[in-house]
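A.B. asks: Okay, here's the structure, questions in a sec.
The values are calculated or read from the model by the stated rules, or taken from the named source; none is laboratory data. The structure displayed is predicted, hence computed values, not measured ones. Neighbour counts are summed over all protein chains in view; Cβ atoms, including those assigned to glycine, are modelled from backbone coordinates with ideal geometry.
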Amino acid sequence: MTYKDFQKKFPDENICLEYIFQHKFSNTKECPSCKKKFKYYRVKSRKSYECGECSHQIYPMKGTIFEDSTTALCSWFFTIYLFSVSKNGVSAKEIQRQIGVTYKCAWRIGHKIRTLMNSGTPTKLNGIVEVDETLIGGRVSGGKRGWGAENKTCLLGMIERDGKVKVITLPNRERETIFPILEANIEKGTVVNTDEFRVYSTLPTIGFEHQKVNHSKYQWKNGDAYTNSIEGYWSNIKKSIFGTHTFVSPKHLPKYLGEFDFRHNHRKGFVMFDEIMKKI
Ligand SMILES: [Zn+2]
């Protein structure tokens, strides 16, 4: 969707509200109050719709991310549009500049939209899946480097070749932590590609086929076995998240990761704006 398309589709508040109403109630058959045929009319002075039979009122924004917000729906929709066309994410500063709200409000709006992009239960990955861990974040100089550094967060990434991705933060790199995550997110019988990290050597015991490359021996490709996709994804995440946002706290990092996964998983054959809107 181009910016022109967007403007044409959502020119004012009433049309945005109507969009939400349609989205939530277009399949409703009967009035929840009088049980007669669902026929509601817009109440002009309010952000609500009224039953033609019993005058029961419905507020379509209730239960959505727009509830209790004083920001115009047009601004919300435009921010969602920005998220949908951005490759690297949208910072609170950018939202503040674009829709003219306070930084605090912009930050809140951004996180509400991220919550949408993080919702729902994705299907399990299958085919050939590359699995790898990496460290992310941390701005403090000095101190311990690499694994065990206090200011870093450890991530576990699972990616289908040319397909979907799922990234999760890890409290540690133990088998007891990693294996349940793999079982919850990858279909049994899948071919899992990893590097030589010891934990993965027992992958067949939980029903995966295992192929590995030995990076410590300068081996990057072993027939069909390689982990280039996940390594490419790591580098994109690091560039994008930390290029867009000057600082992401470990507490909020999972939401940004989910946003990034969402973008990757909807990159082909989806209208991103509609995909986010589906979740309001
Ligand atoms: Zn009614």
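A.B. asks: Looking at THR134, THR70, THR123, can you tell me which residue is at negative phi, in contact with a helix residue (DSSP H, G or I) (Cβ under 6 Å, 6 or more places away or on another chain), surrounded by fewer than 20 Cβ atoms within 10 Å (Cβ to Cβ) and not small (Gly, Ala, Ser)?
C.D. replies: Of the residues listed, the single one that is at negative phi, in contact with a helix residue (DSSP H, G or I) (Cβ under 6 Å, 6 or more places away or on another chain), surrounded by fewer than 20 Cβ atoms within 10 Å (Cβ to Cβ) and not small (Gly, Ala, Ser) is THR134.
A.B. asks: So, THR169, is that one touching a Ser or Thr at 6+ places or on another chain (Cβ under 7 Å), surrounded by fewer than 19 Cβ atoms within 10 Å (Cβ to Cβ) and modelled with pLDDT of 90 or more or not?
C.D. replies: The answer is yes for THR169.
A.B. asks: Go through segment 34-82 and give me each residue that's within 13 Å of the ligand (Cβ to nearest atom) and of a type in the set (Val, Ile, Thr).
C.D. replies: Across segment 34-82, the qualifying residue is only ILE58.
A.B. asks: Against the definition (surrounded by fewer than 18 Cβ atoms within 10 Å (Cβ to Cβ) and either of a type outside the set (A, V, I, L, M) or out of contact with any Asp or Glu (no Cβ under 9 Å at 6 or more places or on another chain) (or both)), how does ARG263 come out, yes or no?
C.D. replies: Spelling it out, it is not the case that ARG263 is surrounded by fewer than 18 Cβ atoms within 10 Å (Cβ to Cβ) and either of a type outside the set (A, V, I, L, M) or out of contact with any Asp or Glu (no Cβ under 9 Å at 6 or more places or on another chain) (or both).
A.B. asks: Taking segment 198-224 only, how many residues are surrounded by 14 or more Cβ atoms within 10 Å (Cβ to Cβ), of a type in the set (S, T, N, Q) and at pLDDT 80 or above?
C.D. replies: Result for segment 198-224: 1.
A.B. asks: In segment 159-212, how many residues are among the hydrophobic types (A, V, I, L, M, F, W, C), out of contact with any Cys (no Cβ under 6 Å at 6 or more places or on another chain) and outside any helix (DSSP H, G or I)?
C.D. replies: 9
A.B. asks: Within segment 239-254, identify whether any single residue is closer than 25 Å to ILE20 by Cα and either touching a Ser or Thr at 6+ places or on another chain (Cβ under 7 Å) or not in a loop (DSSP other than H, G, I, E, B) (or both), and answer yes or no.
C.D. replies: no
A.B. asks: Can you name every one of the helices (runs of 4 or more DSSP H) wholly within segment 1-107 that holds 1 or more residues which are among the polar types (S, T, N, Q) and in contact with a Phe, Trp or Tyr (Cβ under 6 Å, 6 or more places away or on another chain)?
C.D. replies: The helices (runs of 4 or more DSSP H) meeting that bar are 73-85, 92-99.
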